[in-house]
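Participant: Supplied in structure tokens, the structure appears directly below.
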Amino acid sequence: MTNRIEIQKMEVAKIIEEVRGLVSNARSKGSKIGLVPTMGSLHVGHISLIEAAAKDCDFVVVSIFVNPTQFGPGEDFEKYPRPLEDDLQICRKARIDVVFAPEPEQMYSTENVTWVNVEKLTEPLCGRSRPKHFRGVTTVCAKLFNIVAPDAAYFGQKDGQQAIVIKRMVADLNMPLEIVICPTVRESNGLAVSSRNQYLTAQQKKDAANIYKSLKTCRRLIDAGTTETRQIIAEMQKILQQIPSGQIEYVSIVDAESLESVEKIAGKVLAAVAVKIGPARLIDNILVDAGK
Ligand code: AMP
């Protein structure tokens, strides 16, 4: 922490006014405020964001909220893990200042008729199979930014499309905060750490390593000068098809800013994959700069 003089006890706020009061008190002392929005079930990926926030900021708020509006019908909203006590322990250890853990009624006290919707960028990739997902994400993030009023908010590259969408929302709506994107934290076999990995058996976790393997192959081919997207995607699919019981939802290479498909690789691209393995829908991505 850059400006912290005394170590104070972590506060757990469930009410909007409570978190606002704590933040405005910190701000009045000149603290830089960092926010890490999460859905809980915290793991080393989340901890890396918390550490980045703690390094840059004087006062760190972690929000823990399984946001109902970003789940579609038949998705895992009900069974999404909610180990709040364990999460609070992790936050205490990380010396977080405030955990904001509202009940759904606190965040959506009336029927929601106001939405923040980022167009275009939310249509491809995950937007195809989850049509209202990003509308839920951007709306809850806008609400959290209004509640906490952070100077900076920390997100993971793991959800690459989400990172791009949120950055664009903040830019388009002139929201006065910085969005910091932190690298994806992986298991030793390359599998991106995710709360949804708990849904996998040990064997499925092993098989799921092929997701990152396919992304590494993409990077290798681009680095070697391959420019035909179709050819690269075919190689990636071959690797993903080795996942028994894996159902490929998409394998895409898109422009890293517009998220539009590219036929020939040039400049910065996002290679992104979504695969369903058993009960878990897993996503992963890498950014590759072909101009390098
Ligand atoms: P979630 O709780 O899944 O909504 O994730 C909260 C934040 O943690 C999001 O910004 C995610 O991108 C980020 N995150 C999740 N998994 C990872 C990971 N393996 N590495 C880095 N960031 C992550």
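The values are calculated or read from the model by the stated rules, or taken from the named source; none is laboratory data. The structure presented is a predicted model; accordingly, all values stated were derived computationally and were not measured. Here the Cβ is made from the backbone with ideal geometry for all residues, glycine too, and neighbour counts use every protein chain on show. Accessible surface areas use protein heavy atoms only, side chains included; no ligands, DNA or RNA. Shrake-Rupley method; radii C 1.70, N 1.55, O 1.52, S 1.80 Å.
Participant: Read phi for every residue in segment 208-224 and hand back ³J(HN,Hα) as whole Hz from Karplus 6.51 cos²θ - 1.76 cosθ + 1.60, θ = phi - 60°, with x for Gly and Pro.
Facilitator: 5, 4, 5, 5, 5, 4, 5, 5, 5, 5, 4, 4, 4, 5, 5, 4, 7
Participant: Explain nothing, just compute: Karplus ³J(HN,Hα) = 6.51 cos²θ - 1.76 cosθ + 1.60, θ = phi - 60°, for every residue of segment 167-183 in order, whole Hz, x for Gly and Pro.
Facilitator: Rounded to whole hertz, the list is 4, 5, 4, 5, 5, 5, 9, 6, 6, x, 8, 9, 9, 10, 9, 9, x.
Participant: Right, here's the next one. Of Cys182, Thr114, Val148, whose Cα points farthest to the positive end of the dipole of the chain (charges on the beta-carbon: +1 Lys, Arg; -1 Asp, Glu; origin at the Cα centre)?
Facilitator: Working it through, the farthest residue towards the positive pole turns out to be Cys182.
Participant: Okay, next question. If you average the C-alpha positions of segment 68-99 and of segment 108-158 separately, how far apart do those two centres end up, in angstrom?
Facilitator: 17
Participant: In percent, what relative contact order does segment 1-152 have, based on Cα pairs under 8 Å that are 6 or more apart in sequence?
Facilitator: Relative contact order for segment 1-152 comes out at 33 percent.
Participant: Follow-up question, since we're still on this one. Return P(r) of the chain (all Cα-Cα pairs; 5 Å bins starting at 0; whole %; ordered from short to long distances).
Facilitator: 1, 5, 12, 15, 18, 17, 13, 10, 6, 3, 1, 0
Participant: Quick check on segment 52-193: take the gyration tensor over C-alpha atoms, sort the square-rooted eigenvalues as a ≥ b ≥ c, and tell me if it's rounded (a/c under 1.5), prolate or oblate.
Facilitator: rounded
Participant: Would you please give the residues with an amide H less than 5 Å from that of Phe65, counting only those at least 5 places away or on a separate chain, with H modeled from the backbone geometry?
Facilitator: The list, which skips near neighbours in sequence, is Thr38, Met39, Gly40.
Participant: May I ask you to compute the full-extension gain from Gln242 to Leu287, defined as 0.36 nm times their residue separation minus their alpha-carbon distance, rounded to one decimal in nm?
Facilitator: Length gained, Gln242 through Leu287: 13.9 nm.
Participant: Around Glu11, which amide H atoms from residues at least 5 apart in sequence, or from another chain, sit under 5 Å from its own amide H, with H modelled in the peptide plane?
Facilitator: Here Val98, Val99 satisfy the definition.
Participant: Could you work out the relative contact order of the chain, using alpha carbon pairs under 8 angstrom and six or more residues apart, expressed as a whole percent?
Facilitator: Reported as a whole number, the value is 16 percent.
Participant: Output wanted: per-residue J couplings in Hz (rounded whole) for segment 155-160, from phi through Karplus 6.51 cos²θ - 1.76 cosθ + 1.60, θ = phi - 60°, x for Gly and Pro.
Facilitator: Values, residue by residue: 10, x, 5, 3, 9, x Hz.
Participant: Whole number in Å², please: accessible area per residue of segment 190-292, 1.4 Å probe, ligands, DNA and RNA not counted.
Facilitator: With all protein chains present, segment 190-292 gives 49 Å² per residue.
Participant: When ranked by the protection proxy of mean other Cβ atoms within 10 Å per residue, highest first, what sequence do the peptides 278-285, 235-242 form?
Facilitator: Averaged packing, sorted descending, gives the order 278-285, 235-242.
Participant: In addition: With an 8 Å Cα cut-off and a minimum separation of 6 or more residues, compute the relative contact order for segment 239-289 in percent.
Facilitator: Over segment 239-289, the number comes to 34 percent.
Participant: Roll a 1.4 angstrom probe over the protein heavy atoms and tell me the percent of accessible area of segment 112-253 that is carbon or sulfur.
Facilitator: C and S fraction of accessible area: 47 percent.
Participant: Sort 74-82, 204-212 by packing, meaning the average of other beta carbons within 10 Å per residue, with the highest value first.
Facilitator: For the peptides 74-82, 204-212, the packing ranking is 204-212, 74-82.
Participant: State in Å² the accessible area per residue of segment 1-144; use a 1.4 Å probe, count heavy atoms of protein chains only, and round to the nearest integer.
Facilitator: Per residue, segment 1-144 has an accessible area of 51 Å².
Participant: By how many nm would the segment from Glu260 to Ala234 lengthen if fully extended, with 0.36 nm per residue of separation less the alpha-carbon distance?
Facilitator: Contour length minus the Cα-Cα distance gives 7.5 nm.
Participant: Return the calculated 222 nm mean residue ellipticity for the chain, to the nearest 500 deg cm²/dmol, obtained by summing -39500 (n - 2.57) across DSSP H runs with n ≥ 4 and dividing by the residue count.
Facilitator: For the chain, the value works out to -11000 deg cm²/dmol.
Participant: Please report, in debye to the nearest 20, how large the charge dipole of the chain is about its Cα centre when each Lys and Arg carries +1 at its beta carbon and each Asp and Glu carries -1 there.
Facilitator: 620
Participant: Show the residues, 5+ positions off or on another chain, whose built amide H is closer than 5 Å to the amide H of Glu178.
Facilitator: Amide H neighbours of Glu178: Ala152, Ala153.
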